[in-house]
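Scroll down for the structure; my scribbles are underneath it.
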Amino acid sequence: MNLNLLCLHAKRIISALMIQYLFYFLAFVAIFSALKVVLTKNHIYSILFLILTFFTLTAIYILMLNAQFIGIVNIIVYAGAIMVLFLYTVMFSNWNRSTDTLKSKYMLWSGMIAAGILLVTLVAALRVMEFSRPMIITQLDLGMVKNLGKVLFRDFMLPFEVISILFLSAMVGAVLIAKKDTN
Amino acid sequence: MQGDIVQTVQSVPLNQLILLSLCIFAIGVLGVLVRRNAIIVFMSVELMLNAVNLLLTSFSVSFGDSAGQIFVFFIMAVAAAEVAIGLAIIVMIYRNTNSIDIDILNKLKG
């Protein structure tokens, strides 16, 4: 609740226009670093740009969407656990000098055209909807831990338990797959 | 409890948030289609999952339904399990073929 009050005070100081400009900046950083993830040759740099993308998305969750729980979990799970897994795997496996990592020119251009067509189609579908007014967040405790915990343990109890079984099997499976063959 | 502090917060329009998540999703698709390095293909999948997370959270906040954020929580949990399994598989591919180039994997021989 302290974090919530702090964010609310910060949002009163920062006006709506400032929030808008801050969102433009964060969106620019997110798209730029996502492009760098895809197009950089060195994969250590690629992983570091992916961390930057996750942090900008966390800032959008907390500042624009008032979803503190998702923001914190995003840092803990993505920027913490998943990125550490990626970095450890790359650094232990010594893949520093992989050969050319882009496909041929033909595949590169056809991939760009395909992704561009996908983006144009989705944006054209978006233009039908009328969501251009600034969003007014009325339920300020929607993304807090208290509210989400109530919903999670009341309405989504069974999926939560199934997720724990999934984690156990994933852990056993990862250890089994990555274990060196002794025979 | 908050009383007279503030009752509503004005934020950015919803379609700008949707546009941002669409751009990140398209970049992820581009990465899967263009790159040959298995690690980077994997990171592009993570980018697409993050775009979906942003979209679900935006709609959840916009419509005032907290089930969307619970879905985001489940997506994050599944993504963590998927990364663990996928990296183990990539490590095994590297041990067997000395490469993480996915174009080598088109032969399904044992």
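The numbers here are math on the coordinates, done by the rules we state, and not lab data. The structure presented is a predicted model; accordingly, all values stated were derived computationally and were not measured. Cβ sites come from the backbone with ideal geometry, for glycine too, and all protein chains shown count toward neighbours.
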Query raised in the report: Mind ordering A:114-126, A:56-68 by average Cβ neighbours within 10 Å, highest first?
Result: A:56-68, A:114-126
Report task. For region A:127-183 and region A:49-73, compute the distance between their C-alpha centroids and round to whole Å. Result -> 15 Å
Requested in this report: Specify, per residue and in Å³, the volume enclosed by the convex hull of the alpha carbon atoms belonging to region A:26-183.
Outcome: 188 Å³
Query raised in the report: Dividing the alpha-carbon Rg of the protein assembly as shown by 2.2 N^0.38 Å yields what?
Result: 1.08
**Report entry** Solution diffusion estimate, µm²/s, Stokes-Einstein, region A:24-78, Kirkwood Rh from C-alpha pairs, 10 °C, viscosity 1.306 mPa s
**Finding:** 139 µm²/s
Report summary line: The farthest towards the positive end of the charge dipole of the protein assembly as shown, of the residues B:I39, A:I60, B:L20, given +1 on Cβ of Lys and Arg and -1 on Cβ of Asp and Glu, is B:I39
Report task. Kindly rank A:26-38, A:159-171, A:72-84 from highest to lowest mean number of other beta carbons found within 10 Å of each residue. Result -> A:26-38, A:72-84, A:159-171
Query raised in the report: Among B:M48, B:M76, B:M92, which one moves the most in a GNM of chain B with springs linking Cα atoms closer than 10 Å?
Result: B:M92
Query raised in the report: On average, how many beta carbons from a partner chain sit within 10 Å of the beta carbon of a residue in B:92-104?
Result: 2
Report summary line: Residue-normalised 222 nm signal for the protein assembly as shown, counting each DSSP H run of n ≥ 4 as -39,500 (n - 2.57), nearest 500 deg cm²/dmol, is -23500 deg cm²/dmol
Query raised in the report: Taking Cα atoms of chain B, Rg/Rh with Kirkwood Rh, to two decimals?
Result: 1.16
Query raised in the report: Hey, got the dipole for the protein assembly as shown? About the Cα centre, +1 on K and R Cβ, -1 on D and E Cβ, debye to the nearest 20?
Result: 680 debye
**Report entry** Burial order of peptide ranges A:137-143, A:86-92 (average beta-carbon count within 10 Å, highest first)
**Finding:** A:137-143, A:86-92
